[in-house]
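The values are calculated or read from the model by the stated rules, or taken from the named source; none is laboratory data. In this text the structure is predicted, and so the values were computed from the model without any measurement. Please note: Cβ atoms are built from the backbone with ideal geometry, for glycine as well, and neighbour counts cover all protein chains shown.
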Amino acid sequence: MDQLMDLANEAYASIDFESPSTWAVVGVAGATALFYLIKRSFNMIEHICNRTYIYNICWEDPAVDHEILKIDKNDVIFRICSAGDIVLDYAIEGPSKIVICDMNQHQLYLFELKIRMLRDPKLTYQEWWDIWGSSDHEVAMKVWQRMRHTMSGEGRQWWDPRIERIFKTGFANSGSSGLAARFLVPWLMYVVGFNLKAWAETGFSHEYITKNYHMVERSAWWMRRLFPSILAPFAGVPPNQIGPEFYTTEFYEGILREILLDPDFGAHNYFYRFYYEKGYKDQTCCPRTLKKEHFDALKANAGCFEWHHATVQATMERVKPHSFTKLVLLDHMDWMPNSMVHDEWVALQRATVPGAKILWRSAFTKMDDKPFFNNLDIDDMSPQWYAKDRVKMYPGTFLSYMPKDPLPFVDPAPSPCQRASFVRKMKTTTKMILHPLTAGKVNAHGDKMSAFYASQAKGYDAVRENMLVARPEMMSAFGPIKHGHTWLDVGGGTGRNLHYLRAQLDLFERIVVLDICPELLAIGEENARLSFTKSQCERISWVCLDINAPNVRSLLAPHLRNDLTRGFDTITFSYSLSMIPKWEEALESAKSLMSGEGRVLVADFDTYTEEGKSLKDFMIRAWYKQDGVRIEAKTRGVITNKVFSASKYQVSVARFQKKLLGVSIPHMVVCCREPMFTTPTGIRRQSHPDLTQMEEKKTD
Ligand SMILES: C[S@@+](CC[C@H](N)C(=O)[O-])C[C@H]1O[C@@H](n2cnc3c(N)ncnc32)[C@H](O)[C@@H]1O
């Protein structure tokens, strides 16, 4: 050991601290260490959740929730717990039940401590304030000794060794957000030169910030550098919630301006003052749950809670069906992929009454990247509420009513008859790749399609399963399926899309699979007979037709009980639009075939870049062109600006890349739908009903 120390001392003595190269090496080593530390911090949320809670107070403004939700005595409410103070705030209104869940057990331990204290018959208002307003550890310990036996075993075990220390150090310093507020924020303020103390002495005045606006600018500059990589995990912001705007100084300056220049900051913004003042100074600027006038109601309603250590979906699957009337989902859907959001909403629909009010927040102002949201008629409350929200953590505030008709249930597994042996798959793949070399010369578009697909028809479904990956994403935007729904699948081929909805086929009045290639339709019809019931098959028409046929409307009318005004509720194009030469006309045809509440969905290949002009774009275009597939950036623009203009339709575009044999391939899902709204009973209606038509019907 001594030898080792000698060696180390010798090595240290030999370092030339005057030399610039020494400092260069130290600099590189330091930067590398910092880089790894920052990289590791992205897994930090998990580390934190395994040890403690993140939020010691909720970071949403309950005043906004109350204005939007209007809670009453009949409500059964669901909310993600977080620090639990907002659900307690809801309880003041006396709803019949509040169910909460959280994936971080420690958030629930914090909530449990509060609720068990409230349920202690001896708890006085003064004790409640001393503990949660002033973090008085002596009072906390006195009450704890009185009620600790009412805690769950796990909750008691967690708090026993910590409760005294947490309240002694200051409850505001607890959890990872408290830790960040205690150590990182003062350091950041020092670096930025933001004199919090001087500002506090002016009573957090508006004038002080206006005069010292450079501090806001400097803070924004530093936040841009530090938030995405270092601070985010402490605030519970995961990497997938960090959008491109988090890498701009303007984003932070905008938020800071909104918070700090609010003239009422000093009087009402108890959220940020809680961290600076290490609790709440007095009862004029604190949560409603700590105000004397609400204490009796809070205690009287403390019995209305049920809590689950589970995900939202798991909680929904546990509770009694059709229970909830109002739900608050916070921002957790930002963290999830489309398929997970979709599955969760299917569970939410099962657990809620039709028309249940659902409020959520987001770090983003748009949710177009998740096609599922097209099933919902969403009120974007952000412009109205962001300015009034005192926390300003979430630029997006959204409200929706749960539709009465079932949300699509997308089953991604192919039916057994769509699978194929390895040999069949190899044969089909070889035919697909060699087609440009082996194809004979045919001119008509229909003949070209048959020449390409006839020999691949049997193995088509199995081979295309991993290639046409935007199909389930498109089906996710299908729209609520009412009894008597009608669906036209344009270029539907083997009817693969029908199998995604196999659980709900009984709801349809008619499904038309239209394709120009008879060989694919024949396989589709055979697969349907093997997979679906007889009565389901009777409601499916396999129509060999060109979507651009001049009389397409009258040719399809017999499939809609000869009612030319009926139209289709959902029209899909999955990877067919790029194969139709007159694709703009095909879109116009589809538009003319939509019902009054219809939607057109397109899933297809996309370009890598917005403009489609990169080398990769050129290569993918050339490769797919051999098989008659057209990939152009302008397709998106034509759909969204020309055929389905935003002034008349609700349009969303999701773009994503997925790997195929190690190569990223770009795909898109476009949804164009008639504007609708969901009433508080869950029934969906057209936003602008055509009153002239209604008049005509009456006179008939
Ligand atoms: C890549 S396949 C997609 C098939 C199916 N939608 C799927 O997702 O598996 C393209 C389909 O579009 C069909 N198609 C091409 N042009 C068409 C047209 N003008 N009218 C109807 N169908 C057409 C082809 O026959 C082919 O079945």
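Values as computed for the structure displayed
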item	result
Of all residues making up the stretch 86-99, the number that are closer than 21 Å to TYR270 by Cβ and buried (at least 22 other Cβ atoms within 10 Å of the Cβ)	5
Close pairs (8 angstrom Cβ cut-off, 6 or more residues apart or separate chains): free of Cβ contacts under 8 Å to residues at least 60 places away in the same chain in the stretch 644-662, among the hydroxyl-bearing types (Ser, Thr, Tyr) anywhere	ALA646/THR640; VAL651/THR640; GLN657/TYR608; GLN657/SER664
Residue ID - nearest to the ligand (Cβ to nearest atom), chosen from residues in the stretch 585-632 that are of a type in the set (S, T, N, Q) and part of a loop (DSSP other than H, G, I, E, B)	GLN626
Within the stretch 491-511, tally of residues that are among the basic types (Lys, Arg) and free of Cβ contacts under 8 Å to residues at least 60 places away in the same chain	1
Conditions (1) over 27 Å from the mean Cα position of the chain (by Cα); (2) under 18 Å from LEU577 (Cβ atoms); (3) not in a loop (DSSP other than H, G, I, E, B); number of the one not met by ASN497	(1)
Yes/no for GLN145 being free of Cβ contacts under 8 Å to residues at least 12 places away in the same chain, under 37 Å from the mean Cα position of the chain (by Cα) and part of a helix (DSSP H, G or I)	no
Residue within the stretch 260-282 that is surrounded by fewer than 16 Cβ atoms within 10 Å (Cβ to Cβ), in contact with a strand residue (DSSP E or B) (Cβ under 6 Å, 6 or more places away or on another chain) and modelled with pLDDT of 85 or more present	no
Residue that is over 34 Å from the mean Cα position of the chain (by Cα) and within 12 Å of the ligand (Cβ to nearest atom), where the choices are LYS534, LYS582	LYS582
Boolean, MET151 is farther than 24 Å from LYS281 by Cβ and either modelled with pLDDT of 95 or more or loosely packed, with under 15 Cβ neighbours inside 10 Å (or both)	yes
Residue under evaluation ARG390, criteria (1) away from the ligand (no atom under 16 Å from the Cβ); (2) touching an Asp or Glu at 6+ places or on another chain (Cβ under 9 Å); (3) within 30 Å of GLN650 (Cβ to Cβ), criterion not met	(3)
Whichever residue in the stretch 537-577 is more than 13 Å from the ligand (Cβ to nearest atom) and closer than 23 Å to ARG419 by Cβ and, among such residues, is surrounded by the fewest Cβ atoms within 10 Å (Cβ to Cβ)	CYS537
Pair list, Cβ under 9 Å, 6 or more apart: the stretch 512-539 residue assigned by TED's automatic domain parsing to the domain that holds HIS445 and over 12 Å from HIS499 (Cβ atoms), other residue among the β-branched types (Val, Ile, Thr) and away from the ligand (no atom under 14 Å from the Cβ)	VAL512/THR486; VAL512/ILE540; GLU525/ILE540
Residue list for the stretch 499-531, filter: surrounded by 17 or more Cβ atoms within 10 Å (Cβ to Cβ), within 15 Å of the ligand (Cβ to nearest atom) and hydrophobic (A, V, I, L, M, F, W, C)	LEU501, ILE511, VAL512, VAL513, LEU514, ILE516, CYS517, LEU520, LEU521, ILE523, ALA528
Positions within the stretch 370-385 being surrounded by 17 or more Cβ atoms within 10 Å (Cβ to Cβ) and over 17 Å from GLY479 (Cβ atoms), in sequence order	MET381, SER382, TRP385
Matching option when the condition is buried (at least 17 other Cβ atoms within 10 Å of the Cβ) and more than 31 Å from the chain's Cα centre (by Cα), among PHE167, PHE183, PHE227, PHE251	PHE167
Some residue of the stretch 635-651 being within 16 Å of the ligand (Cβ to nearest atom), touching a strand residue (DSSP E or B) at 6+ places or on another chain (Cβ under 6 Å) and modelled with pLDDT of 95 or more	no
Residue match in the stretch 289-306 (condition: surrounded by fewer than 19 Cβ atoms within 10 Å (Cβ to Cβ), touching a helix residue (DSSP H, G or I) at 6+ places or on another chain (Cβ under 8 Å) and over 24 Å from ILE92 (Cβ atoms))	no
Leading residue by the ranking (farthest from GLY492 (Cα to Cα)) among those in the stretch 461-476 that are in contact with a Phe, Trp or Tyr (Cβ under 9 Å, 6 or more places away or on another chain) and assigned to a helix (DSSP H, G or I)	GLU473
First in the stretch 202-231 and without any contact (Cβ under 8 Å) to a residue 24 or more places away in the chain and over 11 Å from TYR247 (Cα atoms), second anywhere and surrounded by fewer than 16 Cβ atoms within 10 Å (Cβ to Cβ) and of a type in the set (S, T, N, Q), Cβ under 8 Å, 6 or more apart	TYR208/THR202; ASN212/ASN195; MET215/ASN195
Top-ranked residue in the stretch 256-275 [being farther than 17 Å from HIS214 by Cβ and of a type in the set (A, V, I, L, M, F, W, C); ranked as farthest from the chain's Cα centre (by Cα)]	ALA267
When residues of the stretch 438-474 are limited to those that are within 19 Å of ASN338 (Cα to Cα) and more than 10 Å from the ligand (Cβ to nearest atom), the one surrounded by the fewest Cβ atoms within 10 Å (Cβ to Cβ)	ASN466
Filter result for the condition that a residue is closer than 22 Å to ILE683 by Cβ and in contact with a strand residue (DSSP E or B) (Cβ under 6 Å, 6 or more places away or on another chain), over THR325, THR397, THR315, THR365	THR325
